[in-house]
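Student: I'd like to ask you about the structure that follows.
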Amino acid sequence: MPVMNYRKGTEKEKSWIIEETSFNEKYTGKCESVFTQGNGYLGLRNSLEEQYVNTVRGMFITGTFNKASKDEVTELPNVSDIVNMEIELNGERFSMNENNIKEYSRTLNLYTGETCRNVLWKGKNGDIVHLSFHRFVSYENVHVIGAYVEIKPVNCEMKVKVVSGIDAQVTNHGAQHLTEFSKRAFEEKFLQMGMVTTESAVSIAVSTVHKVFQSGKYTEDAASKIIDDRRKIHTEIQLVIPQGETARVEKISTVHSSRDLEYVASGKEPEGENVCRDGLDNLKEAEEKGYETLLEGSKKVWEKIWKKQDIQIDSKEDDAQIAVRFALYHLQIMVRSEDNRVGIGAKALSGEGYKGHSFWDTETFIFPYFQMAEPKTARTLLEFRYKGLYGARKKAIENGYKGAMYPWEAAWVSDGEVTPYVTGVNVHTGEPMICLTGVIEQHITSDIIFALWQYYAATDDQDFMDRYGYEMTIETARFWNSRLEWIEENNRYEIRDVIGPDEYHERVNNNGYTNRMAKYTFEKALEILKNINDLSEGERNKINSLYDVNKLIEQFEDAAENIFIPKPDRNGIIPQFDGYLKLEDTTIDVVKSRLLDPKEYWGGAYGVASQTQIIKQADVVTWISLFSNEIDSEIQKKNLNYYEPRTEHGSSLSACMYSLLYCKCGIPDKAYPFFMKSASADIAPGGKEWAGLVYIGGTHPAAAGGAYMVAIKGFGGLQFNGDEISINPKLPKGWKKLSYKIKYRNKIYQIDITEEKSEIKEIK
């Protein structure tokens with residue numbers, strides 16, 4: 001692994017700087033993800049300017065999808081690359097993979113969003129030069145990306161050639177999503193490429209301009225020319241730098257698309273040429289301001305964000321503080337709060353993994369952050385799911401059910417299910433591995449409803465419920481009612497042939513988590529229908545016009561009362577599904593020894609874990625964590641102790657649920673390693689970049705959300721009851737103080753917890 005330093009910052013920058021202290025080409029993909037930059041509209045992997053074999057370049061616009069061919073599923077397209085910059089130093093190509101690096105450091109300042117790479121490079125002829133690369137994605141003007149490189153020869157005069165511009169040859173691991181419709185240079189310096197997605201017809205304009213400075217002064221003397229190539233357009237800059245002096249090549253870029261909110265406000269979809277024009281106009285304005293001014297504007301926005309969202313930890317070690325801030329940084333850059341057409345992908349905007357699709361990750365793991373930190377964003381995420389009712393109803397019909405059956409993977413709100421049918425090759429059989437999650441991993445339908453009602457409890461947003469929430473709840477309850485099977489010999493309703501959160505075991509009956517979440521949906525639908533007279537006249541009339549209310553009450557009461565919910569056995573263990581406790585009881589190491597290929601998927605019909613009690617991630621533990629008030633504390637502890645050694649934690653979603661439940665059981669010190677596993681999912685060594693043979697590189701947004709949830713609800717002990725909030729903190733050893741802010745029912749609270757006392761203070 002690359003050597004990472006989390007204690008780089010001092011004084012005001014303490015616990016704000018992530019540093020990579022050495023370069024290893026093997027880990028370029030991993031580090032590109034760690035240093036990802038963005039603003040909710042744009043996500044930019046921190047690829048290095050020069051090219052390496054393992055580079056995975058990526059720039060993504062939120063909520064933009066395309067289908068590469070009729071046989072592909074909808075995915076988030078990789079937009080033209082504006083990072084690539086080829087540099088020649090006295091005729092030698094700048095690269096860092098030939099043992100020519102004397103000093104190296106790459107940093108991400110979490111407080112400002114700026115990255116900086118400093119390299120002391122020695123050429124084959126003995127020439128030594130210092131290069132400093134800086135980059136940021138603006139949070140003030142979400143379309144703007146700023147970058148520059150400073151070059152300072154140490155022991156010689158340096159002839160420098162820089163080739164930099166726009167490269168539209170990038171793909172999504174081979175899938176081409178963009179077609180060029182325009183490639184132009186304006187005023188011999190402003191470069192622009194207009195692209196359009198091949199199937200969804202989204203126009204995208206990428207524009208860039210370069211400025212050269214020598215010894216701190218802008219110069220037009222650097223020889224330059226425009227290079228026009230296939231799906232590329234570049235500027236070539238040549239200059240001579242005297243020994244000891246510094247030259248700077250500044251690059252400002254803009255990215256616009258026809259889906260931008262600015263166009264939505266106008267009420268019409270713009271033509272590609274209009275998008276190009278607006279991109280160019282924005283670029284010219286940005287060029288006039290320059291890098292420092294643009295960065296300063298972005299820093300001011302970040303400062304406001306951190307003032308509201310920071311979690312402060314005073315502990316004997318700094319790793320927890322930097323890890324939490326890293327998680328908060330990535331949570332903040334993954335979605336735009338104003339856009340309800342957009343969900344959060346499993347990798348957010350950090351990579352192509354999972355094709356940019358939204359899963360249950362959003363509602364179960366990420367949503368608590370926005371619910372308590374940015375309720376406005378939480379609402380837009382739920383509105384996205386409301387817009388997805390069309391696709392959910394479509395999926396229900398296609399599968400022979402009623403109501404709304406939410407897609408396991410979602411992209412465009414109208415798509416319905418977009419889970420790939422095949423996810424690689426089974427190493428045991430050589431046959432394509434069929435992906436069943438899109439059909440039978442159905443708990444997401446209730447996960448959405450759970451988040452919805454948590455939001456309502458925290459915000460008292462009646463407008464949301466009237467417009468969207470009641471309809472979503474009733475429609476999903478209708479799905480579950482049609483999904484239940486009455487099993488006569490057992491005298492109960494069951495949910496058979498499903499996949500629970502633990503995806504290593506497919507086609508199981510009565511997954512406890514799934515069944516309890518379905519029951520929750522019935523309970524909330526009944527809460528609406530039985531109290532229909534308390535609703536507004538408009539909402540009451542709407543529901544009465546759509547449904548036979550009395551019939552639904554009868555059906556949902558029957559379902560809620562008679563659905564099977566697994567109970568603890570005589571040892572206090574809740575079986576994850578029917579027959580789980582009869583499977584081979586073995587160890588993770590034994591199962592791992594049975595692998596034919598290190599990248600082999602453990603689950604499925606032939607997976608090494610499928611006939612054992614080894615599970616992928618928290619399943620029963622997730623159920624208990626969410627419904628801990630219903631389950632005796634001793635039963636909670638017994639299930640923690642039983643399931644944890646049998647959990648492979650093959651998903652980054654897993655550790656936080658163990659951590660949360662350990663906190664609820666009053667065992668914070670056991671919770672702490674799992675908390676750090678979540679908070680450090682990206683910055684710690686290791687981590688999966690492959691699921692079977694499928695590349696899933698990028699950050700882990702759900703782990704970041706899980707870390708936040710554990711910090712304030714686990715260690716912080718945050719609890720809600722009507723209009724009141726309370727805390728029952730359980731600080732781990734070594735934590736002297738924990739401070740954070742939350743929003744609850746239109747009020748902002750400052751919460752300070754020490755070993756001696758706890759304080760809740762309303763600050764607005």
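The values are calculated or read from the model by the stated rules, or taken from the named source; none is laboratory data. From a predicted model like this one, the values you see are computed outputs, not experimental measurements. Backbone-built Cβ (ideal geometry, glycine too); neighbour counts: all protein chains shown.
Student: Tell me the strands (runs of 3 or more DSSP E) entirely within the range 182-230 that contain at least 3 residues that are touching a strand residue (DSSP E or B) at 6+ places or on another chain (Cβ under 6 Å) and at pLDDT 95 or above.
Tutor: Result: 190-197, 203-214.
Student: Would you check if there is a residue in the range 337-348 being small (Gly, Ala, Ser), closer than 30 Å to ASP752 by Cβ and surrounded by fewer than 24 Cβ atoms within 10 Å (Cβ to Cβ)?
Tutor: Checked against the condition, which is being small (Gly, Ala, Ser), closer than 30 Å to ASP752 by Cβ and surrounded by fewer than 24 Cβ atoms within 10 Å (Cβ to Cβ), the range 337-348 yields at least one hit.
Student: Out of the residues in the range 493-536 that are of a type in the set (Ser, Thr, Tyr) and touching a Gly at 6+ places or on another chain (Cβ under 9 Å), state the one that is nearest to THR445 (Cα to Cα).
Tutor: Ranking the candidates gives THR514 first.
Student: Okay, moving on. Checking VAL170 against (1) crowded, with 17+ Cβ neighbours inside 10 Å; (2) in a strand (DSSP E or B), only one condition comes out false. Which one?
Tutor: Unmet condition: (2).
Student: Out of the residues in the range 727-751 that are touching a Leu at 6+ places or on another chain (Cβ under 8 Å) and assigned to a strand (DSSP E or B), which is nearest to TYR456 (Cα to Cα)?
Tutor: The extreme case among them is ILE742.
Student: Counting just the residues of the range 45-58 that are in contact with a Leu (Cβ under 8 Å, 6 or more places away or on another chain) and touching a residue at least 40 places away in the same chain (Cβ under 8 Å), which one comes out nearest to VAL162 (Cα to Cα)?
Tutor: Among residues in the range 45-58 that are in contact with a Leu (Cβ under 8 Å, 6 or more places away or on another chain) and touching a residue at least 40 places away in the same chain (Cβ under 8 Å), the one nearest to VAL162 (Cα to Cα) is ASN46.
Student: Is it fair to say VAL422 is more than 20 Å from ARG385 (Cα to Cα) and either without any contact (Cβ under 8 Å) to a residue 12 or more places away in the chain or in contact with a helix residue (DSSP H, G or I) (Cβ under 8 Å, 6 or more places away or on another chain) (or both)?
Tutor: no
Student: Restricted to the range 624-679, and to residues that are outside any helix (DSSP H, G or I) and of a type in the set (Ser, Thr, Tyr), which residue is surrounded by the fewest Cβ atoms within 10 Å (Cβ to Cβ)?
Tutor: SER651
Student: Return yes when GLU634 is closer than 23 Å to GLU441 by Cβ, of a type in the set (D, E, K, R) and touching a residue at least 40 places away in the same chain (Cβ under 8 Å) and no when it is not.
Tutor: For GLU634, the condition - closer than 23 Å to GLU441 by Cβ, of a type in the set (D, E, K, R) and touching a residue at least 40 places away in the same chain (Cβ under 8 Å) - is not met.
Okay, residues lined up against (1) out of contact with any Pro (no Cβ under 9 Å at 6 or more places or on another chain); (2) in the same structural domain as LYS730 (by TED's automatic domain parsing); (3) at pLDDT 95 or above:
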{"position": "ASP589", "(1), (2), (3)": "yes, no, yes"}
{"position": "TYR601", "(1), (2), (3)": "yes, no, no"}
{"position": "ALA609", "(1), (2), (3)": "yes, no, yes"}
{"position": "TYR643", "(1), (2), (3)": "yes, no, yes"}
{"position": "SER659", "(1), (2), (3)": "no, no, yes"}
{"position": "PHE675", "(1), (2), (3)": "no, no, yes"}
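Student: Ok, one more. Within the range 602-615, can one find any residue that is assigned to a loop (DSSP other than H, G, I, E, B), within 27 Å of ILE366 (Cβ to Cβ) and among the aromatic types (Phe, Trp, Tyr)?
Tutor: Within the range 602-615 (the criterion being assigned to a loop (DSSP other than H, G, I, E, B), within 27 Å of ILE366 (Cβ to Cβ) and among the aromatic types (Phe, Trp, Tyr)), the answer is yes, since at least one residue qualifies.
Student: Quick check on ASN274: is it under 28 Å from ASN84 (Cβ atoms), assigned to a helix (DSSP H, G or I) and either β-branched (Val, Ile, Thr) or in contact with a Ser or Thr (Cβ under 6 Å, 6 or more places away or on another chain) (or both)?
Tutor: The answer is no for ASN274.
Student: Quick test of your reading of the structure: LEU452 fulfils all but one of (1) farther than 18 Å from TYR580 by Cβ; (2) not in a helix (DSSP H, G or I). Name the failing condition by number.
Tutor: Every listed condition holds for LEU452 apart from (2).
Student: So, one more: Mind listing whichever residues of the range 10-48 are more than 24 Å from the chain's Cα centre (by Cα), part of a helix (DSSP H, G or I) and under 20 Å from LEU131 (Cα atoms)?
Tutor: Selection gives GLU25 alone.
Table: residues versus (1) under 29 Å from VAL196 (Cβ atoms); (2) crowded, with 16+ Cβ neighbours inside 10 Å; (3) under 31 Å from the mean Cα position of the chain (by Cα); (4) not assigned by TED's automatic domain parsing to the domain that holds TYR148.
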site: ASP221; (1), (2), (3), (4): no, no, no, no
site: HIS234; (1), (2), (3), (4): yes, yes, no, no
site: LYS251; (1), (2), (3), (4): yes, yes, yes, no
site: GLU262; (1), (2), (3), (4): yes, no, yes, no
site: SER266; (1), (2), (3), (4): yes, no, yes, no
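Student: Listed residues LYS387, LYS355, LYS376; which is touching a Ser or Thr at 6+ places or on another chain (Cβ under 6 Å), among the charged types (D, E, K, R) and either under 25 Å from CYS656 (Cα atoms) or touching a residue at least 24 places away in the same chain (Cβ under 8 Å) (or both)?
Tutor: LYS376
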